[in-house]
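The values are calculated or read from the model by the stated rules, or taken from the named source; none is laboratory data. All values reported here derive from a predicted model rather than from experimental measurement. Ideal geometry is used to build each Cβ from the backbone, glycine not excepted, and the neighbour counts take in all protein chains shown.
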Amino acid sequence: MSLQLLKKLNGNNDGPFRKFISEQDDSIRIAWYPSSGLDFRCLFYLNPVSDSTHPFKPGTNPPASPGLFLYTDYFGLRTEPEPGNQLYLDKRTRVTIETVEELPALNLDVDQEIVTFSKNEFTNRVFYLTVTLESNLFGQVGGHILYACAVNEAFCAKILLPNKAKISHLIHIRYGSGFGGARGTGSWLLNVLEKLGCELFIHDNHHEPESGDFHAIHCYPNLAKSGPIPEMELIRTIQSEQWSDHGDVGWYLVGRVSGDKT
């Protein structure tokens with residue numbers, strides 16, 4: 001029911017995002033990156049331009065690339081996004097905003113047992129962005145991003161799960177443990193893989209639960225485990241220094257349930 005989710009987030013807006021939605025059907029593939037910050041490497045790594053430099057395990061077939069990247073980060077945006085502005089720039093990569101549309105604001109909790117910061121001017125604001133990424137390694141790609149400045153746990157519990165959203169790709173990189181003000185590691189994401197219909201789980205093996213994770217499940221019972229963790233097959237590895245300082249990043253196909261691995 002991914003279109004149901006997108007229509008809910010668009011509300012009554014009649015701008016670029018409504019046009020984008022009108023061109024999709026319910027099979028649209030969405031990659032969700034909680035605690036994303038301004039990390040746009042997934043737009044390269046989830047694009048065939050990276051296949052030759054970071055090959056998949058022989059004989060495996062990764063899911064088709066996503067058509068929309070859903071970013072959630074409570075403290076991710078620091079400046080007002082404007083067309084022509086650079087969202088990110090370093091010696092190797094430039095990310096330029098092409099289109100900006102602000103969507104209706106959310107009304108989600110900011111629980112300081114989960115995140116350390118109080119509210120700021122971006123709290124619960126949502127933006128639809130089209131961006132151009134330029135890299136000296138991968139060349140140029142474009143992307144559609146829906147950026148919600150919200151607490152990941154509240155967004156999943158109150159937006160994604162009630163709307164029966166299908167998330168084909170879930171990205172868990174450098175999540176929490178004080179990084180960016182989070183009090184957890186996002187270990188609860190393992191509990192919602194099946195609930196979200198996840199096909200590919202991309203993570204850096206940083207899953208030991210911390211206080212914020214336990215508190216999130218207490219606040220939002222639908223984030224709790226409701227069955228065994230699905231079996232997963234490693235099909236690709238990206239070295240730590242190329243993406244995450246928490247460890248190498250593994251690409252795991254989410255398969256059948258074969259027993260509890262917690």
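Things worth noting here:
- For the stretch 204-224, the set of residues classified as surrounded by 14 or more Cβ atoms within 10 Å (Cβ to Cβ), in a loop (DSSP other than H, G, I, E, B) and over 18 Å from the mean Cα position of the chain (by Cα) consists of 209, 210, 220, listed by residue number.
- Scan of the stretch 22-53 for residues that are touching a helix residue (DSSP H, G or I) at 6+ places or on another chain (Cβ under 7 Å) and either buried (at least 17 other Cβ atoms within 10 Å of the Cβ) or within 22 Å of residue 140 (Cβ to Cβ) (or both), ordered by number: 28, 30, 31, 33, 34, 35, 37, 44, 50
- Test set (1) modelled with pLDDT of 95 or more; (2) in a loop (DSSP other than H, G, I, E, B) - residue 184 fails condition number: (1)
- Where strands (runs of 3 or more DSSP E) fall wholly inside the stretch 13-101, the ranges with 3 or more residues that are within 15 Å of the chain's Cα centre (by Cα) are 30-34, 68-72.
- When every residue of the stretch 156-169 is checked against the conditions, none turns out to be of a type in the set (A, V, I, L, M) and part of a strand (DSSP E or B).
- Qualifying positions in the stretch 134-155 - within 21 Å of residue 65 (Cα to Cα) and part of a loop (DSSP other than H, G, I, E, B): 137, 138
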